[in-house]
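One structure coming up, written as structure tokens, with questions to follow.
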Amino acid sequence: MDVRRPWWSDPGVTQCFIAVRNHGAQPRQAALELYRDDRLIDVRPLRLPAADRELGFSELAELFELPTGTGGILRARIDLADDLDVDNEAYAQLVPHRAVRVLLVTARDPEVSYLARALATDTSVQAQVVSPAGYTGQEGYDVVVFEGVSPRSVGPGNYLYVDATGETCPAEAPRRVEHVGITDWDRTHPVMRFVDLSQVGADSAAAARPRGWGRVIASHEGGAAVVAGDRQDAVVAGRTTSFRALYLSFPIERSNFWSTVAFPIFVSNAVQWLATRPGQREGLHLRAGEVAAVDVPDGVRRVTVTTPTGEKHAIDVPGRIAYFRDTLRRGVYEIAAPGWRREFVVNLLSRQESAIAPRDTIRLGQQPVRAADRHTRAPLEWWRWLVLLAVVILAVEWWVYHRRL
């Protein structure tokens, strides 16, 4: 189950994508129910075919378009009785729409800047363009984008560096390389969601390497292509703050990136990831067992987490982020402090755990182990019978001896 506000659509509409799998050998029929804050809003019949022998499952997908409104909790439920009912429900969080304010610092004409045009197509973005001389570290922006401009100092915000570096950049670029192509990227990172970089190449790029707080999420032959970083308690513009930063190692106009379908998706993902922090303005969706990291307001030093079963846990907060590890149950969790409250959701989201039918092959580490497909002959162990016979003989001998006495 996933919720997403597409960059090309009405910002007041959120899409909810639900995939249902059948791992059984028999076809199943069920009703897919969708609730919003425990109020039933839609029901759709499902006819799930039997699991494919090669894949081990069959799958049906449903798409719901919902008004975002004031947010809320979505719950999808399959009205079906089976041997593992814990994965028959899934949760997602809707968050109210809020326009992201973006400042683009570039020496290029906004009319011909591919980056400026991509920002203009995103209905959730309010973008303003200034020249390098016009950037003075001004406040009031969620994201500041530096296109080919390496600033001497920066103001508050979160930062996207495109072929540029700075004090808040998560990467260093000591040298350049020519004619590179993307060789690998981290498909699990939010910035790379639905992004295919397999055909992207550039005439020139920096042979970048991440700083200590940076993480490489895409690479080319010469080094890092995209680096993401999340820094806590850093000093920026004379104040202690936390921020996110993203680095792209090549100029967009000297690549074919701008001509691919992946480019506007990448820009939208980057802006949304930079502008939001886990548990703050975005819904926090976790897999069971993952650690929940939730931003808390300034001055909060202790919070209370309420689990789906009603258990309460008091958590100390040494900084700006509260960490909660006991997320083994799926459902809605509440984290609260005086005058402040937030929710996050936990789902099973495990294909392996949902497939409970016996398997022909299991994997132990990297080694696949196949089930035996024939009977194995093994020698019988006679020593137990010999010991039993010896005990019987001793017992008879003892009985005969005592009879003679």
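Which distance in nm do the two modelled labels at PHE17 and THR188 give, with both placed 7 Å along the Cα-to-Cβ direction?
In this crude spin-label approximation the distance works out to 1.8 nm.
Can I ask one more? If exposed chymotrypsin sites (Phe, Trp or Tyr not before Pro) are those in a DSSP loop with at most 15 other Cβ within 10 Å, what is the longest stretch of the chain that has none?
Longest run free of exposed loop sites: 9-193.
What number comes out for the charge environment of ARG211, summing +1 per Lys or Arg and -1 per Asp or Glu over other residues with Cβ under 11 Å away?
Around ARG211, the charge tally is +1.
Something else: Out of all DSSP beta bridges with both ends in the chain, state the antiparallel percent to the nearest 5.
Of those bridges, close to 80 percent are antiparallel.
I'd like the FRET efficiency for ILE393 and ALA25, computed as 1/(1 + (r/R0)^6) with the beta carbon distance as r and R0 of 45 Å, rounded to 0.05.
0.25
Same structure again: Cα centroid distance between the range 289-316 and the range 197-254, in Å?
31 Å
Counting each pair of different Cα atoms once, what's the Kirkwood radius of the range 285-347 in Å, rounded to one decimal?
Hydrodynamic radius (Kirkwood, Cα pairs) of the range 285-347 is 11.6 Å.
Let me ask another. For the range 1-109, state the average projected area of the convex hull of the C-alpha atoms over all orientations, rounded to one decimal in nm².
10.2 nm²
Suppose we keep just the alpha-carbon trace of the chain; what are its Rg and Dmax in angstrom?
Calculated on Cα positions, Rg and Dmax stand at 29.3, 120 Å.
Right, something else. Any chance you could tell me what percent of the C-alpha pair distances in the range 120-238 go past 21 Å?
44 percent
I'd like the orientation of helix 383-404 relative to the chain: the angle between its Cα long axis and the longest Cα principal axis, in ° from 0 to 90, rounded to 10.
Here the helix axis deviates by roughly 30 degrees.
Each reported figure results from applying straightforward, stated rules to the coordinates on display, with no laboratory input. These figures come from a predicted structure and were not determined experimentally. Glycine gets a Cβ as well: all are built from the backbone with ideal geometry, and neighbour counts include every protein chain shown.
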